[in-house]
Each structure stands twice: as structure tokens, then as C-alpha cells.
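The values are calculated or read from the model by the stated rules, or taken from the named source; none is laboratory data. Keep in mind that this is a model prediction, so the values were computed, not measured. Heads up, the Cβs are rebuilt from the backbone with ideal geometry, glycines too, and the neighbour counts pull from every protein chain shown.
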Amino acid sequence: MRAAGALLLAAVAWFGGEASAADPLGRFPADPGQVSVSGISSGAFMAYQLHVAHSAGIMGAGIIAGGPFGCTVDRVTGDGVAALISLALGPCMSTPGLLKPVASYAGLVADLAARGWIDPPANLARSRVYLFTGKADKVVNSKVVETGVGLYRALGVPAQQIDFRDRDLPGTGAGHSWVTKNFGNACDANASPYINNCNYDQAGEMLQTLYGPLQPPAVAPEGRIVAFDQTEFVPGKAAKANGLSDTGYLYVPKSCDAAAALPCRLHVVLHGCLQSAELLGAEFYTKIGVNEWAEVNRIIVVYPQVHATTVAELASQNAQSMLNTNPQGCWNWWGYANDTMFLTRQGVQIDAIWSMVRRVTGQGN
Amino acid sequence: MESATRIFTNGLNCFHEFLAIELRNMEAIGLAQRKMLEGAGVLAQRQAEIAEGTFRRAFGSQPSVPTTPSAIHAAVIEQIDSIKTTMMEGQANANILSELAARSSGDVANILQSRMMAALDEVKAALEQAAPDKIAAVAPAMLTVQPAAPA
């Protein structure tokens, strides 16, 4: 009886159930020259940061309802940047009239690159970028996303390599969400789980912007979801103190298992605030439509996960602890957890995600 | 004689230790003051930028005078939206200034608290080194709570 139960569990794990949360992230046949990233909301801000910080190794980005690199930076200091929560909540979300000119953000990129904190921005000229803003988005103003478009142009991405879907879905338009063809809230909703059904295949258009024409998606993905240990990618394994969950998730198409003859692509998807697995379970990483496209087009998908860090979980408590928490479970785009390098290669979360990429592509240890 | 020499030497070392602790305290206060000035400078600069931005927007493009009923309607709607935006931007600017001030105060508080904690540890170490046997002898008496005399 027990043996039958164990066999059943093994079968469930093989056919799409979750492996142990403590399993280390494995290597897969992923081509390091075909790595891309996307995100929604805070995930979009983080995707932009990751793309700019590691432009030498990332071929493209999908920015859904998010704004420009460095949006929350007030000034550069000797040992990092000083960023403000009020810039995040104000100009970078609801009062775009207070955003700096695009040239100012471009200047920040140049400054950080000159310090060696991010990759040379000249790499961005070969990137492909997809950006989206919804007509009904009441969380991140469309002009913030527009500024992100302007910054990519200023950083050298040619117009023909940018696909900007600017409030052009029919009807009332999309609310603040990852948009799907057939799952989620009403199209114009601005509520949890921030996945909306607008009869628009955002995953497909975004992936085809990044990788070129693709085969039509699978009706149902046949690959497997793998849970992996995120703590090994954080100094001192202090994942929660740095806004990361202990466990991340990976979608591996059937044709991309370890023994695959041909290399696969690698795409990183960053959820938004209040969308981590700790809150939504498997909903985000199974329902946004990416896995269906990944299955047929040999794309391994990494879904790193955020943790909503409390004061008690910070590495140390001091007079500024309240300013360093992450109550909504967002990616770090304003420097919480005392990370003054959050938007550079040395940022804890950027370094962790990049280490995951290097592990999967076989470049890291 | 030996005992008096030892006591004198211990006393002199203790004095030097306390002097060094006090110098480090003064250094920390100086650093905290510099942080306060820095923070005030950043705050002042941001206030100036906000004032300049508000000034420019207030004297920006002049709207044309509407003549038709539908144009008047649209102009009123536009004016209401403009007022709402101005209010939101005002609040956002206030939040930015508040956060700058809070972070600056937090930096200063952290410097002073760190120095206070370190100074207490240093004083403790200096006392223990100066006369460890004497402190050990009197410690139990020092720690005993004397009951209050009955009324």
C-alpha cells in the first residue's frame, strides 16, 4: 500500500506536480544567447532593471504596466543610490507629470555604467522590447509606461524593435493586469489577482516580439513545473530578509529536459505585487498563457518569487526599518531591505535572478 | 608601594581609555551633524526644484477662450481634471519632502544610537580592565536591591 502511494506521488511529480521546495535549481539545455525577461507592474520595473543591468546577456524584455529604469532614484551616492518610496508611489505610478525628462534617466544609466555597476548600454541597441499599458489601468499611469518607451529609444533601441501596445485594446481597455485570452477578471478590472481576460494573447504577442514568429501555442502545456530552492542564490541564504521567497518555480517543456539534443530558449517572468505563489499559489505561473507558448516553442520559463518582508525579518532593525519592508510582496524597485544597489548587477535580487539564469544555462556553478 | 604603583598605572590607563571613548563620541556627533546638514541641503534643493517646477507649470500654456456650449463643457471638464492633477502632484511633492526629512533624521538617529551602544560597551570593557577584582568583589552588593524602610 505504501509502495503504491509512493509510486503515485512520484507519478504526480513527474507529470506536473511540484518537486520538493528544497531541490536545488538544475541545469538545462538553455542557450545563453536566447535569454529574455518580462514582468508586470513591480515585476515590469524589475524586468527593466534586470535588462539594463545585464544588457550583454539579455536579448529582450517585456514590460507590462511598468515604468523606466531608475524611476525611484533621487541621487547617486558613493556607495549606491538613494531612492524614495514616495517617488515610486507618486511620479512612477500616479503623478507622471512629476517624472524627470527622459534624458535624466538616460544620464543615470550612463553614470551607473561609467561606475561599472551595470553593463554598457550600447548592448541595448540589439534588444527587442514589448511594452504594454491599458486604457483602464488605474494603478500605473500610461504616461509612466510611455516614459519607459522613451528611455529605451534614448538608450539606442531602434523604433522598429519596440512593440508598444498603448491603450489600444477595444472597448474599455485593460486594467492593471497581465492580460490573457481566456482567464481572469473582467478586462478593465484593477484587482487581485491582476490577471485579466481581454481576449488578447499578451503572452504570445510579447514572446513573438522578443523571439520572432513562433509556432501556435499548445492547448494545454505538457511539460512540468519544478519547484527550486531560491535561498542558495542569496548571501547567507537570507532570502526572506531580502524580499525573496525560499522557493521559485520553473516550467520545463517536454522537449527541454536535461537530455534534449537541441538547446532551448530561456525566459524569466516576474510577477507583480500581491501575485507571488505565497499569495496566489500556482495561479500566476500556470494561468498567464506563457507555458502554452513555451511548450511548443522550446522555451524554458523561470518564475522567481518574492516574499513580503516584515520589519522583524530584516537583517537588522534600526530607525529606518519601517522604510525597508516590503508589505505588498513587490520586486525591489525602490531600494527596500537596505539595498542601495538594487538596480545594479550587485543588487541582491538582480544578482539572485541572474545567478538562476546562469545556473539553468550552465554558465554558473 | 607596588600596590600604589599598580593603582596609579591602572588609573592612568583608565583615564586614557575614557578620553579615547569621549573623542570617539565627539567624532560621532560631528558625523551626525554633517549628516543633518547634508539632509537639510538635499531637502532645500528638492524644495527649490519643486517650487521652480510649480512656477513653470503655473505660467505655462494659456488655454484659448471657448465659445460654443460643447467647447465650454469640455473646458470645464479639463479645468477640473487639471485641478485634480495639481492636487495629486502637490500631495506627491509633500510626500517626497517628508520622506527625505524622515530618512535624514533616521540616518542621524542611527549614527547616534550606534555610537551610544558602542560607547557603553567600551566603558564596560575599560572598567573591567581597570580593576577587575574590585568590580567582581563589589558587584553582588551593587546588584542587591535594598528594600525600602517601612513607613
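See the values below:
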quantity: Residue that is nearest to the other protein chains (Cβ to nearest Cβ), among those in the range A:90-107 that are surrounded by fewer than 17 Cβ atoms within 10 Å (Cβ to Cβ) and small (Gly, Ala, Ser); calculated: A:GLY97
quantity: Subset tally (residues that are under 15 Å from A:SER321 (Cβ atoms) and in contact with a strand residue (DSSP E or B) (Cβ under 9 Å, 6 or more places away or on another chain)) for the range B:100-111; calculated: 1
quantity: Count of residues meeting criterion [touching a Lys or Arg at 6+ places or on another chain (Cβ under 9 Å) and part of a strand (DSSP E or B)] in the range A:246-299; calculated: 6
quantity: Failed criterion for B:ARG103 (all others in (1) in contact with a helix residue (DSSP H, G or I) (Cβ under 6 Å, 6 or more places away or on another chain); (2) touching a residue at least 12 places away in the same chain (Cβ under 8 Å); (3) within 14 Å of another protein chain (Cβ to nearest Cβ); (4) not β-branched (Val, Ile, Thr) hold); calculated: (1)
quantity: Residue count, the range A:287-316 (criterion: in contact with a helix residue (DSSP H, G or I) (Cβ under 7 Å, 6 or more places away or on another chain) and among the polar types (S, T, N, Q)); calculated: 2
quantity: Flag for A:VAL145 being in a strand (DSSP E or B) and at pLDDT 95 or above; calculated: no
quantity: Pair list, Cβ under 6 Å, 6 or more apart: the range B:85-96 residue within 12 Å of A:SER94 (Cα to Cα) and at the interface with chain A (Cβ under 7 Å from one of its Cβ atoms), other residue part of a helix (DSSP H, G or I) and at pLDDT 90 or above; calculated: B:GLU89/A:GLY97; B:GLU89/A:LEU98; B:ALA92/A:GLY90; B:ALA92/A:LEU98
quantity: Among (1) surrounded by fewer than 19 Cβ atoms within 10 Å (Cβ to Cβ); (2) at pLDDT below 95, the one test that A:LEU314 misses; calculated: (1)
quantity: Single residue of A:PRO253, A:PRO235, A:PRO263 found to be modelled with pLDDT of 95 or more and farther than 30 Å from A:VAL311 by Cβ; calculated: A:PRO253
quantity: Matching strands (runs of 3 or more DSSP E) fully within the range A:170-237 where at least 2 residues are among the hydrophobic types (A, V, I, L, M, F, W, C) and under 22 Å from A:ILE299 (Cα atoms); calculated: A:178-180, A:224-229
quantity: Enumeration of residues in the range B:54-82 that are at pLDDT 85 or above and within 13 Å of chain A (Cβ to nearest Cβ); calculated: B:ASP81, B:SER82
quantity: Members of the range A:271-311 that are modelled with pLDDT of 95 or more and among the hydroxyl-bearing types (Ser, Thr, Tyr); calculated: A:SER276, A:TYR285, A:THR286, A:TYR303
quantity: Residue within the range A:148-155 that is crowded, with 20+ Cβ neighbours inside 10 Å and touching a Gly at 6+ places or on another chain (Cβ under 8 Å) present; calculated: yes
quantity: Test: residue in the range A:233-249 that is at negative phi, of a type in the set (Asp, Glu) and in contact with a Gly (Cβ under 9 Å, 6 or more places away or on another chain); calculated: no
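So that you can scan it fast, the table gives a plain yes or no per residue for (1) more than 19 Å from the chain's Cα centre (by Cα); (2) among the hydrophobic types (A, V, I, L, M, F, W, C):
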{"position": "A:GLY171", "(1), (2)": "yes, no"}
{"position": "A:HIS176", "(1), (2)": "no, no"}
{"position": "A:LYS181", "(1), (2)": "yes, no"}
{"position": "A:ASN185", "(1), (2)": "yes, no"}
{"position": "A:ASN190", "(1), (2)": "yes, no"}
{"position": "A:PRO193", "(1), (2)": "no, no"}
{"position": "A:CYS198", "(1), (2)": "yes, yes"}
